[in-house]
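Enquirer: My structure is below; once you've seen it, I'll send some questions.
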Amino acid sequence: MYVRKKKNRSVSTNVVVVDKSSGRIRYLKTIGISSDEKVISELYKQGRKWIEIQQGNRDMIAIYEQQHEEKQVTDYLLSKIWLTAFLFALSRFAIRRSHNASDS
């Protein structure tokens, strides 16, 4: 299975995923069509990702980036929870202290 760029009679290029077995090429998925080289390059990358997903391969860099992002979000949320709990406790302490001072 591989990604193939196939030029059309017109200026555009098809980006397709194909499988070659027994000397025959079988088209599995059309990723896209474009005449812009940047778009064709992006379509080619999408085709490679599609193949990885179909074959069950996992992109270790993408997994690391996802875990890193999740850790950052978790740390941020926990810091906000800790700060809120601290301020709540501090306000209760201040209220108790003001009540004790007014009682004396």
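Enquirer: Would you point out the residue of segment 20-49, among those that are of a type in the set (V, I, T) and not in a helix (DSSP H, G or I), that is surrounded by the most Cβ atoms within 10 Å (Cβ to Cβ)? Show your work before the answer.
Expert: To start, the set of residues in segment 20-49 that are of a type in the set (V, I, T) comprises 25, 30-31, 33, 39-40.
Checking the rest, the ones that are also not in a helix (DSSP H, G or I) come to 25, 30-31, 33.
Values: I25: 11, T30: 13, I31: 22, I33: 16.
Applying the filter and picking the extreme gives I31.
Enquirer: So S10 clears everything in (1) assigned to a helix (DSSP H, G or I); (2) loosely packed, with under 10 Cβ neighbours inside 10 Å except one condition, right? Which one?
Expert: All conditions pass for S10, except number (1).
Enquirer: In this structure, is V18 touching a residue at least 24 places away in the same chain (Cβ under 8 Å) and in contact with a Phe, Trp or Tyr (Cβ under 6 Å, 6 or more places away or on another chain)?
Expert: Working: touching a residue at least 24 places away in the same chain (Cβ under 8 Å): no; in contact with a Phe, Trp or Tyr (Cβ under 6 Å, 6 or more places away or on another chain): yes.
For V18, the condition - touching a residue at least 24 places away in the same chain (Cβ under 8 Å) and in contact with a Phe, Trp or Tyr (Cβ under 6 Å, 6 or more places away or on another chain) - is not met.
Enquirer: List, please: which pairs have Cβ atoms under 7 Å, are six or more places apart or on different chains, and start with a residue in segment 74-93 that is in a helix (DSSP H, G or I) and modelled with pLDDT of 90 or more and end with one that is surrounded by 10 or more Cβ atoms within 10 Å (Cβ to Cβ) and of a type in the set (G, A, S)?
Expert: Note: no pairs meet the criteria.
The values are calculated or read from the model by the stated rules, or taken from the named source; none is laboratory data. Just so it is clear, the structure is predicted and the values come from calculations on it, not from any experiment. Cβ sites come from the backbone with ideal geometry, for glycine too, and all protein chains shown count toward neighbours.
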